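In what follows, a single structure is set out as structure tokens and then discussed.
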Amino acid sequence: MEARFGKYGGQFVPEIVMPALKETETAYEELREDREFQNEFKFYLKNYAGRPTLLYDATKLTEYYGKGRILLKREDLLHTGAHKINNAIGQALLARRMGKTRLVAETGAGQHGVATATVAALFGMDCIVFMGTEDIRRQRLNVFRMELLGAKVQPVDSGTGTLKDATSEAIRYWATNITDTYYLIGSCVGPHPYPTMVRDFQSCISRELRAQCIKDYGRLPSHLVACVGGGSNSIGFFHEFLEDKRVKMIGVEAGGKSNSENAKTLSGRGRPGILHGAYSYLLQTQEGQVVEAYSVSAGLDYPGVGPEHSFFKDEKIAFYDSVTDEEALEGFKRLAKLEGIIPALESAHAIAYLDKLMPQTTERDFVVVCLSGRGDKDVASVAELLGNKQ
């Protein structure tokens, strides 16, 4: 099991955390190829989460652009409303095999927090979710959902009160409660073995997609487009296509408001450094201090990214670009009006990127967008942002 992706990844953590990481790594190494564990994981993906998800032919969106063909991988149809449930089930099953009784997690947009609270309820475990106060304000619906599921939502008011700060507090709690607590990381970030585990659990997306494309269309897509914050939906979406050089993989980051207020870790001014236990690209000053990220989307305002994405950038395996808040809001409205699907603001960034991509496509090309989550959680904040602009 790879501890690094090229030069990225690793375990840059306090000594007190190393026993917990080693315990997790050993347990996952044993269960990764265990047929009984994998069958249990597949059982819950199918019978609880609702896999396989649909591959939807977005004909009206295609007509809007007049070129190529656009399909949506409908992760928004999963139980809890996003791809986050895939990884939450996998890690909760691992934690249960390890004898842990409490799950601790971080969340930004709230979807990972909801997924963690959901599996904690399912498997009879205690749950604490750390969430920044700014994200709590933006995502009141998801906060209530987590509490309804029995989780304790722990507000974090340090820093900007967003995802980075919630992650830091979750790690601190875990480090002092490792005997009975499992840290369920929601993205492909953090120290080894988390980036690999999350990638493995989310790769069900691309395994399904590959089979669906061949069965229904007789060929593979020309382009894959997915939003990137920490990068879990996109890393799972890309994984099974890594050997297919003709499939172009595009990760879309949050361009935010301006060159100084964004979350463009890979497509902007990010440089390699250490954040939350891993060496990867991150937003930082010349002195190495972390720069706070910004996005209209609570799930994308993270100043780092998963180390495998950093490797993909350097090796040109995938291409990374960004769209602004304004463009994402237009994508949000467009998908709702044309297809009757309200996307999460995170996913709306990938939808908005079609404005740049589709004019470059040919009639034979077909583009698959990972619709990583639904937009129920964002409707109130979008209404506030749009005001009378609609």
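Nothing in this text is a laboratory measurement; each read-out follows from the coordinates by a stated rule. Being a predicted model, the structure only gives us computed values, none of them experimental. A quick note on method: Cβ atoms are made from the backbone with ideal geometry, for glycine too, and the neighbour counts reach across all protein chains shown.
Below 15 angstrom from the Cβ of GLY218, what's the summed charge of the other residues (Lys, Arg +1; Asp, Glu -1)?
After counting each charged neighbour, the total is +2.
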Can you work out the Karplus-derived ³J(HN,Hα) for every residue in region 84-89? Use 6.51 cos²θ - 1.76 cosθ + 1.60 with θ = phi - 60°, whole Hz, and x for glycine or proline. 4, 5, 4, 5, 5, 4
State, as an integer percentage, the relative contact order of region 108-217 based on alpha-carbon contacts under 8 Å between residues 6 or more apart. 22
Dipole magnitude of region 30-178, debye to nearest 20 (Cβ charges: Lys/Arg +1, Asp/Glu -1, about Cα centre): 340
Within region 1-39, GluC sites (Glu not before Pro) in DSSP loop having at most 15 other beta-carbon neighbours inside 10 Å: GLU2, GLU33
Over the chain, what is the percentage of antiparallel beta bridges among all DSSP beta bridges, to the nearest 5? 30
Under a GNM of the chain (C-alpha, springs under 10 Å), which listed residue has the highest mean-square fluctuation: LYS245, LYS73, LYS377? LYS245
P(r) for region 98-189, please, calculated from all Cα pair distances in 5 Å bins and given in %. 3, 17, 28, 26, 18, 6, 1
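At 25 °C and 0.890 mPa s, grab the translational diffusion coefficient of region 68-142 from Stokes-Einstein with a Kirkwood Rh over Cα pairs, rounded to a whole number in µm² per second.
Calculated translational D: 185 µm²/s.
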If I model a spin label at LEU385 and ALA211 as a point 7 Å from the Cα along the Cα→Cβ vector, what separation in nanometres do I get? 3.6
Rounded to the nearest 500, the 222 nm mean residue ellipticity computed for the chain from DSSP H runs (n ≥ 4, each -39500 (n - 2.57)) alone is -12500 deg cm²/dmol
Which order, highest average first, do 247-255, 322-330 follow once you tally other Cβ atoms within 10 Å for each residue and take the mean per peptide? 247-255, 322-330
Label-point separation (nm) for THR101 and ASP180, each offset 7 Å from Cα along Cα-to-Cβ? 0.4
Based on the mean of other beta carbon atoms within 10 Å per residue, what is the order of 80-87, 108-115, 130-137, most packed first? 108-115, 80-87, 130-137
Which order do the peptides 366-376, 147-157, 226-236 come out in when sorted by mean C-beta neighbours inside 10 angstrom, highest first? 226-236, 366-376, 147-157
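What is the antiparallel percent of DSSP beta bridges lying wholly in region 5-151, to the nearest 5? If you can, show how the numbers build up before the last one.
Numbers: 4 of 10 bridges.
Of the beta bridges lying entirely in region 5-151, close to 40 percent run antiparallel.
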If I stretch the segment between GLN286 and ASP355 completely, what's the gain in nm (0.36 nm per residue apart, minus their alpha carbon distance), one decimal? 21.5 nm
If the chain between GLU33 and THR362 were fully stretched, how many nm would it gain, using 0.36 nm times the residue separation less the Cα-Cα distance? 114.3 nm
Give me the distance in nm between label points sitting 7 Å out from Cα along the Cα-to-Cβ direction at PHE123 and GLU243, one decimal. 3.1
Evaluate the charge dipole of region 89-145 about its Cα centre and quote only its size in Debye, nearest 20, assuming +1 on the Cβ of each Lys and Arg and -1 on the Cβ of each Asp and Glu. 140
FRET efficiency, GLU63 to PHE43 (Cβ-Cβ, R0 35 Å, nearest 0.05): 0.30
Relative to the longest principal Cα axis of the chain, at what angle does helix 325-339 sit, 0 to 90 degrees, rounded to 10? 70
Roughly how far apart, in whole Å, are the Cα centres of region 198-254 and region 4-65? 14
Under Stokes-Einstein, region 1-88 at 37 °C and 0.692 mPa s, with its Kirkwood radius over C-alpha pairs, diffuses with a coefficient in µm²/s of 196
